[in-house]
Amino acid sequence: MPADHGHVHPVNFDPTDAGHDPHGHDQAHAHDHGRRAVRLGIGGPVGSGKTALTAALCRALGDELDLAVVTNDIYTTEDADFLRAAGVLDTERIEAVQTGACPHTAIRDDITANLDAVELLEHRFPGLELVIIESGGDNLTAVFSRGLVDRQVFVVDVAGGDKVPRKGGPGVTTADLLVINKTDLAPLVGADLGVMTSDAHRVRGGLPVVSQSLVDTPDAPAVAEWVRAQLRALAGVG
């Protein structure tokens, strides 16, 4: 992959425009894989490890896929700055959306700013295959619009307590993949991983669950393999 040089370019989101898409983007366009990159959303509560997982996927997949990242923060470009400093991708492959409101607003209610950031990346890199869109930290109800992403991952961590999966919420119950993160901390916080995992499977009705520690497996191999499988499925490859 050729080197690119530049800076993170924040894309500002006007929360007063929530609820419509003045640029005319629609869900049919969002699922036209013949013309654009697959979009993977990563959401979850504050501190659950979304940015660390995004970085891990960039490390795991960056040599085999043409990929880029869009981050979301309310007022800053903190997550984009972290990824750039970590060197997981060339800086021009990272765009930052400043939502100016609760993060779910820009990933579900008015997705314009995120679509603009994705389309900017697609214009900059015509062969782009995958764009990871990381939401800002939100609650268990935060899910991506299906007009923005093709697949979504929801991340919770053991430090939030082993009761989190059974509390449900659309993020936990409907995301295409649920990740129980930071499993290495379970003994330190008194979380029962067996309870978390069984509750997660019970409330998700057969949808997949991955438990991981990025301390033990820094490249998130189980999640990376799931992403590869989704790309194959969306491409119609068995």
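The values are calculated or read from the model by the stated rules, or taken from the named source; none is laboratory data. Quantities reported herein were computed from a predicted structural model and do not represent experimental measurements. Because the Cβ atoms are built from the backbone with ideal geometry, glycine has one as well, and the counts that use them run over all protein chains shown. The protein model used for the area step is the full one, side chains on, heavy atoms only, and it has no ligands, DNA or RNA in it. Shrake-Rupley method; radii C 1.70, N 1.55, O 1.52, S 1.80 Å.
How much area per residue is accessible in the range 60-125 when the probe is 1.4 Å and only protein heavy atoms are counted (Å²)?
35
Sticking with the crude label model, points 7 Å out along Cα→Cβ, report the distance from Leu120 to Asp192 in nm, one decimal please.
4.8
Packing-wise, with mean Cβ within 10 Å as the measure, how do 90-101, 107-118 rank, highest first?
The packing order, highest mean first, is 107-118, 90-101.
Quick one: grab the alpha carbon gyration tensor of the range 35-234, order the square roots of its eigenvalues as a ≥ b ≥ c, and give me rounded if a/c is under 1.5, else prolate or oblate depending on whether a/b is larger than b/c.
It comes out prolate by the Cα gyration axes.
Go through the range 196-213 residue by residue and turn each phi into a ³J(HN,Hα) via Karplus (6.51, -1.76, 1.60, θ = phi - 60°); whole Hz please, and just put x for glycine and proline.
Result, rounded to whole Hz: 4, 5, 5, 5, 4, 5, 5, 7, 9, x, x, 5, x, 10, 10, 9, 8, 10.
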